[in-house]
Every structure is written in C-alpha cells, then in structure tokens.
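The values are calculated or read from the model by the stated rules, or taken from the named source; none is laboratory data. Here the structure is a predicted model, which is why all the values come from computation and not from measurement. Heads up, the Cβs are rebuilt from the backbone with ideal geometry, glycines too, and the neighbour counts pull from every protein chain shown.
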Amino acid sequence: MLFESILITCFSYINGERTPSSVYHILKGKRSIQTLQDTHIYKLESFYGIYKQLKRQDFENRIVKLERAGVLKRYQDSFIVTGTINSKLQEEQLFNGLTFYNKVEIFYNRLLLLIQTLTNTKYQSYSFIPVVEDKEAEIWVKKVYKKVKGKEKDVLKKLYLELYEVLSRVKAVEVGIFVDRLTGYKHYGMSVPQLGEKYKKSVDDVQLILVCTIHQIIENVEKEEKTSLLAFLLQDTLEVSHLTKSAYDTYLLLLKGKTPDKIAFVRRLKTNTIYDHIVEIALSDSEFAIEDFVNQEDEQAITQAITSTNSYKLKDIKANVNDKISYFQIRLVLAKKNRLHK
Amino acid sequence: MTIIDTLEQYLQNIFHYPEFREGQKEIIEDVLAGEDVLGILPTGSGKSICYQLPAMLLEGLTIVVSPLISLMMDQVKELKANNIRKVIALNSFLAWQEKKRILEKLNEYKLLYISPEQLQQRDVLEALKKIKVSLFVIDEAHCISQWGHEFRPDYLKLNRVIELLKHPRTLALSATATPKVQRDIILSLGKPDMKKHIYPMDKPNIALVIEKAANDQEKDKRLLTVLESYQVPTLIYFSSRSATESCVKLLLQHLPHLRIAYYHGGMDQMDRIHIQQQFMNNQLDIVCCTNAFGMGINKSNIRLVIHYHFPMQVESYIQEIGRAGRDGEFCISLVLFSPADVHIPVQMIKNELPNEKMIKEMFHYLYTLSLKDELLPTSEAEIENRLQLNEIQWRFLQYHLEKHGMIVDNHVIYNEYNWKQIYNEIINIVNERTTLKQTKLQEMVDWIQSESCYRNSLYQSFQSTIREPDSYCCSNCGFKISDLRVSKPMRYDNENWEVRLKSLLLGDPIETVKIMD
Ligand SMILES: [Zn+2]
C-alpha cells in the first residue's frame, strides 16, 4: 500500500518527463548529479534514498502491476498516472529522505547494536552474534561500551525512557514494527519477512515503515533537548563530516544537482579546485557515483592500467590509458577503490 | 601435568566446551605431533575444533580452505563471539584495499579462512610464502574428489599450494566420504602417509521415515498433519527459494500457533542472521530452508528434519539429517516423496555445468578477444554477465581454460589446433560429470524406493558395521510417526509495543517458553 502510494506520487510529480529509472534512482538515493537534479526539480526530496534495499527487478515488477491495474499508463519513455488516485497517505508526508540521507543507516545500526550489546553485558553475557554487520557501528559501540561498563542498567533505563518518549510521538505508522525488530538479551528481533507476516504488510512496506519511523525519531530527537542519549547516537553520523570546509560547501552544491562548472562559477573558484573537492568527496562518501565524471568504459580501462602497472602512480597509469582520459578521472577511480567505508 | 590434561584445559578455557567429542582429541594429538591427518567425522561432532584448537596452540598461521563464504563468515563470527580475535576470512567480497591490508599483516593472525579460488591468486600466495604456515586444513575435503558431492575444480590445485608453502602439516576433514573418496583425497593431495581417523556416520538416535505422496497437495496435507501432532524444533528442506516462502505462508495459515520462518541464500544478510539466531535461541519452531541453511548452525535440539524435496545425493542427505539430534536425543528424518519430484534435480544437474552452446560461445568470445588483442575483463561478474553463465559454470570453464594454457593472466593465447582439442575435451568432461551426477541421483532415488531397511541401505557403502538404533529404526522396519505425539504450550506475545520495549530494555530476560524439549 505505502510503497505503491509512494510510487504513484513519484510518477505523478515527474508527470511523464523522466523515465522510471530516475524514480528508481531517487528511491535508492543515487549520488549522481542527474538524480539529485531530478530530486530537486520534481520536489521529491522527502523520498530521496528512503528505500536503499530496493532491487531493480522488484521495482519493475511493481510498476508492471500498477500498469495492469490501470493506475499507471505508458507515456513515451515513462508513465503517467491515470485512473482514480487516492489522496496521499499521511505516512508519505513524514519522510525526510534527502535531509537524513547520511544519518539513517548509521543511527539505526548504532542503536540496534548498542541495545543488543548493553542488554547482553548487563547479564555478563559476552558471546553473542551481532545482528548488525557494520564496522563503523561496531567500533562506535565498543567505545561507548568501555565508557558505560558496569552502568548498563542506568543507560538502558535512559534509553528506554527516551525511546518511549520519541516513539509515542511517532505518527501514522505501526510502532510495533520498529520495536519487534530490536534484539536484546536472549531475544533476537524479527526479520523483515517475519514482520510482514505479523503485521500483514508487504516486505516493501515494512522496510519503508521502518525508515519512516527512524525519520520521525531523528526529527524529534533533533528538535528535543530531553533526548540527549539518542542525540548522542546521532553525533558524527555524517560520513562526510571530516571533509575540509571548502569541499563540504562543494558537496552541498553537488547535492543540489549542480555541475562542477556551475559550482566553480557560484563559488568563484577554479574548476580544477572543484575537481579536487570532488575527489575528496568520492573518497569519503561511499555512495558517491563517479559515473558523472568517468564513463564505465574509461573506468575499466583505468582499472586495468592499475592492475597491469601494479602501481598507484598517476603518471604510470596515465601512460597506459587513452590520451583522452584525464588525471582527474584517474584520481576519481583511485578514490573509489580506496574508499574507507564498506 | 600430562599433555592430555592440558588439551582439555585449553578446550575449556578457549572454547568453553567441557569435553571432547568422539574423534576430536585423537585427531588433534596427531596434528600437534606433526602428522598429516585425514579425519572423517560425522556432522555434528565438531570438525572445526580439530583445527581451531591446534591453530591456537601452534606457532604461526593455520590456513583453512573452505568452500562456502557464508560458512567462513559464520565461523569467524562464532570465534569472535568467543573472544578469539586473531581470525580472518579472505573472500572475493573484500574490497581490494582491505584485502591488501590483510595480506600485509598476515603474520598477526592465527587462523585464516580462505576459498580455494582465492588461494590461487598470486598476491595471496606471495604473501603466504613470506610467513610461517604451521597447519594447512582442507575443510569439506570430499570436494577434492570427482566422486565427492560438491566437486570444485580449484580444490584439485591444492597439492601445488601445499608444495609452494613447503609442506606444512596437512589436515583433510570431511563429514561424508566413501572409501573411494578417501582414496581420491589422499592421492590428490600427494600425501600417501596420511594418518586416517575414520568415524562411523550412522546415527543410532535417528529414525528414518519415507512417505510417498501422489503430488504436492498430498504432501502439504501430510506435512500439516505431522506438524500439528508432532511439535518439535523442525527443519524443512526445499529445493528452491520460492518453495520455502510459499510453504511458510501455507503453514502459518493452518498452524498459527507455531513460529515459522523461511531461510534461503537470497535473503538480506541481516535477516539471515536474525532467523538463524532465533532458531538457535528457541524463538522459532520451524524453519523452511534451502540447503544454504544449516552448515554453520550449531543447534543441538533439532528433533525433526523433513525433506519436502529430496537432495541430489545420498551424501548431502546424510549431512542434512546429521543436523538433527546433535545432543544424542531421539530425532526423526522424514522424506516426503512424490514421483514428479525427480524432475527437479534432473533439471538442476543440467544447469550446473555449462552446456555445449555456452562453451561454444565462450570459445568464440575468446577468439574475438585474441583477434582484437584485448584482455579478458578482470571482473568475473562482467564475464558471467556477458556470456550468461552462473558463477559455478564460469569457474568450471576458467579452470579448464587456464589448465590448458588458453588463458594466462587475462591474456588469451590462440592456437587453432589446440583449441579444437581442448573444446572436445571440455565437452567430454561435462558429459562425464553430468553422467556421474545422474548416477548419484539415481542412487538417492533407488534408496527412497528401496523396500529393505533404510538404515542399512543408507550407510552400507560408507562403513562395514552399522550400529543398532537406540529406539526406532525406519519406516521399512515398521516405525510410523503417528505413533508419537508432542505438543507445546501456547505462547503469549500479545502485549502492546510499550510493554515489549520495556521488557526488552529493562525487564528480566523474556523467558523463551520452554517448548520443545
Ligand atoms: Zn530399518
């Protein structure tokens, strides 16, 4: 229901002017200029990156279904919305995709792992299989654990009160889904398909409801002062927070879908400086799509040159690729290979 | 203090097990004494301790060759949960940079899990040559044999790796291996003096039941009746992912009081962990799964293993029912068989290796590359995509193409005469392998349809004497599931989210209702 409703909203906003692919990329939160521009032009900021697990095949199947149901109609390379549309669901207005893009996953992973860790160590249980596979979250929780060791009870009490507070304010969606997903001592949370079964919802809707709940939690935590522990979980969630100030400003403009030339013009900087920023961003933002600047063929040629020269020296690599390929492009490919995250 | 006492203390201190299971100590003692060892231990007797314990005691690195990434990850996770940290798994999913970093500080690890394919990479071998490798382990060693049930070409190259590493002591382990497969393993590794520790794989605590049905509807009906009256921790095996999902729907509809979930390789990693751990933790009653489930599972009280679809080989069946009753208590294997089931594995065998058309296309593709003087793409996914091959099909071809010198480090070497010969040879191997699989499948089907004692006919090719069953034998010896009845108390979880949140964060542990034992 929710997923279909969001799809319909997206297609009605783009009104046949963009392909289904662009809707898919918006929901997945692709970090490319095109997708970001589309997001802004069609006012789809709130849905940007809200369904990162979405698989292409599932997306396409869903569209075929909507077409068969007569809700979507093929129009040139895209679809327009026909037939009767129910008014937008209330849930849809509670998403905050673009703003919270970098925060959701980190916040959620930290929270899941922190609860699992503290509820276990409270009972001196030190061997459990973590439900979250995320190095960053693991390191973060370990740091926190060292500080609160022995005081698990107090921390959990505070966490409970704060979660209770923010969850009570969550609107429109079933909060039970979020709670049932949590893992504690000797109690593993439910998988997404299980939640779907229990709450009689599609797997898509369960994923989206979880994200919607997290968005609402973050929003509440950011404007409340009472929830200081949850606010602590939100600290340094920006992957790009260690960018230089100047690169960060460029990053913000990229997120608005601006091209390097445009950014250089606006910021009164040389385009080459903007390229330096982009390499820096590509290094820290694991989702950053470099294909805006290097096509796949060139990327492969560069990769092959790196392997065959067995060197990261720009000069060596440059000597082994087509003349058209620039140093900037080589640096980007190297940055992608050297990404610190995942 | 004698060495025996020490070993048991290490077992307790490092792994928190009170005592060794059958065979473990004998194998460990030989390994520590520097012998090459072949160990055949039935599933459930803790094969991994046989190398994990020596790895912690020996100086230098222990390499464990393992066929499945998920299996490696499970083991690493489990070791880390036990606070054993110097463990790492090297697999194809690691980022380039991360792999490099691991290889640079290999000497800091005690235990390295690796796939046979990774072990062929030059950078890996170079890094390994620089450090002291004290023990080389081949897990699931039956993969070495063409008669084994999971033939993987790169397993055949292990003898060369062992040589390159200057012959560290070698331990080959498997849960199911016929005498023929055992001979193959020893021969292929080039270690004729391996000490053999062979333990019987028959399970006196299991009753074997085969029930025939006309079709799937009848199977479903029977499944529901059995699960309704016999409520114990249960695994149900299916041959496809979609079948696990639709069966869960059906079961939940008719048995709403049971906790049921599915598990297969297509699920999100996080969801897979949830399901595995819920089952381990007695939060789930029934798991409907493909054969992707179970390898790493360490649950001791599984009481019923149902095969909705039978496996392709007797060996796989033995491994899968080996997951039942690890605590030694009574358990049941139930195979639901309908004649139409035979088509599924026949089809799977066909798809496993590349067919003639694929091989032809592969050769054509390589020929075009050599004409244009281009390299083979470094990305395997790209090759697989372009030629519409699955991972196993590509690995198979790659092995043979490299073996015959058609591909050397991504370069294509063209030679018209040779290529024709190689082409024919590969086609022959595919045919041979397919015939072998069909023979194995036939063996399985014959067993299902046999009218004599299932226990005897199942184990007789693996061992000379078969133990008496603890209680019940098999459906051909007169045992029926309907003779037994177990039900579990109703569960309660209908509180609202506020209560559930509170009990999770603050409450005393939610006592998992003692169902099932
Ligand atoms: Zn019998």
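The residues of region A:174-196 that are assigned to a loop (DSSP other than H, G, I, E, B) and in contact with a helix residue (DSSP H, G or I) (Cβ under 8 Å, 6 or more places away or on another chain), listed by number, are A:GLU174, A:ARG181, A:LEU182, A:THR183, A:TYR185, A:TYR188, A:GLY189, A:MET190, A:SER191. When you scan region B:101-122, do you find a residue that is within 12 Å of another protein chain (Cβ to nearest Cβ) and touching a residue at least 12 places away in the same chain (Cβ under 8 Å), even just one? No - not one qualifying residue is present in region B:101-122. Considering only residues in region A:197-228 that are acidic (Asp, Glu) and not in a helix (DSSP H, G or I), the one that is surrounded by the fewest Cβ atoms within 10 Å (Cβ to Cβ) turns out to be A:GLU225.
Answer yes or no as to whether A:GLU165 is without any contact (Cβ under 8 Å) to a residue 60 or more places away in the chain, under 25 Å from A:GLN216 (Cα atoms) and of a type in the set (Asp, Glu). Judged against the criteria, A:GLU165 is not a match. The condition (being away from chain A (no Cβ under 14 Å) and on the phi < 0 side of the Ramachandran plot) is satisfied by just one residue among B:ILE383, B:ILE318: B:ILE318.
All conditions in (1) surrounded by 15 or more Cβ atoms within 10 Å (Cβ to Cβ); (2) over 23 Å from the mean Cα position of the chain (by Cα); (3) assigned to a helix (DSSP H, G or I) hold for B:PRO377, with the sole exception of (3).
When you look at A:SER5, is it over 30 Å from A:ILE263 (Cβ atoms) and assigned to a helix (DSSP H, G or I), yes or no? Considered against the rule, which asks whether it is over 30 Å from A:ILE263 (Cβ atoms) and assigned to a helix (DSSP H, G or I), A:SER5 comes out as yes. Checked against the criterion of being assigned to a helix (DSSP H, G or I), under 30 Å from B:ILE260 (Cβ atoms) and away from the ligand (no atom under 16 Å from the Cβ), the candidates B:LEU501, B:LEU401 yield just one match: B:LEU501. The set of residues in region B:410-430 being in contact (Cβ under 8 Å) with a residue 40 or more places away in the chain and under 30 Å from A:THR303 (Cβ atoms) consists of B:VAL412, B:ILE413, B:TYR414, B:TRP419, B:ILE426. Any residue at all in region A:315-323 that is closer than 24 Å to A:LEU36 by Cα and of a type in the set (Gly, Ala, Ser)? Scanning region A:315-323 turns up no residue that is closer than 24 Å to A:LEU36 by Cα and of a type in the set (Gly, Ala, Ser). Here B:ALA324 passes the criteria (1) buried (at least 22 other Cβ atoms within 10 Å of the Cβ); (2) within 13 Å of another protein chain (Cβ to nearest Cβ); (3) in contact (Cβ under 8 Å) with a residue 24 or more places away in the chain except the one numbered (2).
Applying the criterion of being facing another protein chain (nearest Cβ under 8 Å) and among the β-branched types (Val, Ile, Thr) to the residues of region A:122-153, the residue that is farthest from A:ARG110 (Cα to Cα) is A:ILE129. Out of curiosity, is B:GLY34 touching a residue at least 60 places away in the same chain (Cβ under 8 Å), away from every other protein chain (no Cβ under 14 Å) and in contact with a Ser or Thr (Cβ under 6 Å, 6 or more places away or on another chain)? Criteria not met by B:GLY34. In region B:270-319, of all residues being out of contact with any helix residue (DSSP H, G or I) (no Cβ under 9 Å at 6 or more places or on another chain) and surrounded by fewer than 22 Cβ atoms within 10 Å (Cβ to Cβ), the one that is modelled with the highest pLDDT corresponds to B:ARG303.
Quick check on region B:55-80: of everything there that is of a type in the set (Asp, Glu) and either touching a Phe, Trp or Tyr at 6+ places or on another chain (Cβ under 7 Å) or within 14 Å of chain A (Cβ to nearest Cβ) (or both), which residue is surrounded by the most Cβ atoms within 10 Å (Cβ to Cβ)? Filtering first and then ranking leaves B:ASP74. Checked against (1) over 23 Å from the mean Cα position of the chain (by Cα); (2) more than 22 Å from B:SER174 (Cα to Cα), B:LYS80 meets all criteria but (1). How many of the residues making up region B:470-485 are away from the ligand (no atom under 13 Å from the Cβ) and either within 14 Å of chain A (Cβ to nearest Cβ) or of a type in the set (Gly, Ala, Ser) (or both)? Looking only at that region, the number is 1.
Applying a threshold of 7 Å to beta carbon distances and a minimum spacing of six or more residues, or different chains, the list of pairs starting in region B:455-472 at a residue that is under 16 Å from B:GLY325 (Cα atoms) and assigned to a loop (DSSP other than H, G, I, E, B) and ending at one that is basic (Lys, Arg) and within 9 Å of the ligand (Cβ to nearest atom) reads B:PRO469/B:ARG455.
Filtered by the rule that a residue be within 24 Å of A:TYR160 (Cα to Cα) and surrounded by fewer than 19 Cβ atoms within 10 Å (Cβ to Cβ), region A:89-119 gives a lone residue, A:LEU94. Which one is nearest to B:TRP394 (Cα to Cα) among residues in region B:111-131 that are among the charged types (D, E, K, R) and surrounded by fewer than 19 Cβ atoms within 10 Å (Cβ to Cβ)? Checking each candidate, the answer is B:ARG122. Residues in region B:81-110 that are part of a helix (DSSP H, G or I) and surrounded by fewer than 16 Cβ atoms within 10 Å (Cβ to Cβ): B:ALA81, B:TRP96, B:GLN97, B:GLU98, B:LYS100, B:ARG101, B:GLU104, B:ASN107, B:GLU108. In region A:89-102 there is no residue that is within 8 Å of chain B (Cβ to nearest Cβ), in contact with a helix residue (DSSP H, G or I) (Cβ under 8 Å, 6 or more places away or on another chain) and over 16 Å from A:LEU234 (Cα atoms). Which of the residues spanning region A:306-334 are touching a Ser or Thr at 6+ places or on another chain (Cβ under 9 Å) and within 14 Å of chain B (Cβ to nearest Cβ)? A:THR307, A:ASN320, A:VAL333, listed by residue number.
Per the listing A:THR244, A:THR271, the residue uniquely touching a Pro at 6+ places or on another chain (Cβ under 7 Å) and more than 16 Å from A:SER32 (Cβ to Cβ) is A:THR271. Residue count for region B:228-278 satisfying the condition of being under 17 Å from A:PRO193 (Cα atoms), more than 9 Å from chain A (Cβ to nearest Cβ) and of a type in the set (A, V, I, L, M, F, W, C): 5.
Regarding B:LEU371, is this residue outside the structural domain of B:GLN277 (by TED's automatic domain parsing) and among the hydrophobic types (A, V, I, L, M, F, W, C)? Spelling it out, B:LEU371 is indeed outside the structural domain of B:GLN277 (by TED's automatic domain parsing) and among the hydrophobic types (A, V, I, L, M, F, W, C).
Being farther than 30 Å from B:LYS480 by Cβ and within 16 Å of the ligand (Cβ to nearest atom) is the filter here; which residues of region B:424-459 pass it? None; the set is empty. Here A:ASN86 meets each of (1) over 29 Å from A:TYR108 (Cβ atoms); (2) at pLDDT 90 or above; (3) not aromatic (Phe, Trp, Tyr) with one exception, condition (2).
Applying the set (1) more than 14 Å from chain B (Cβ to nearest Cβ); (2) surrounded by 17 or more Cβ atoms within 10 Å (Cβ to Cβ); (3) of a type in the set (Val, Ile, Thr) to A:THR244 leaves exactly one unmet item: (2).
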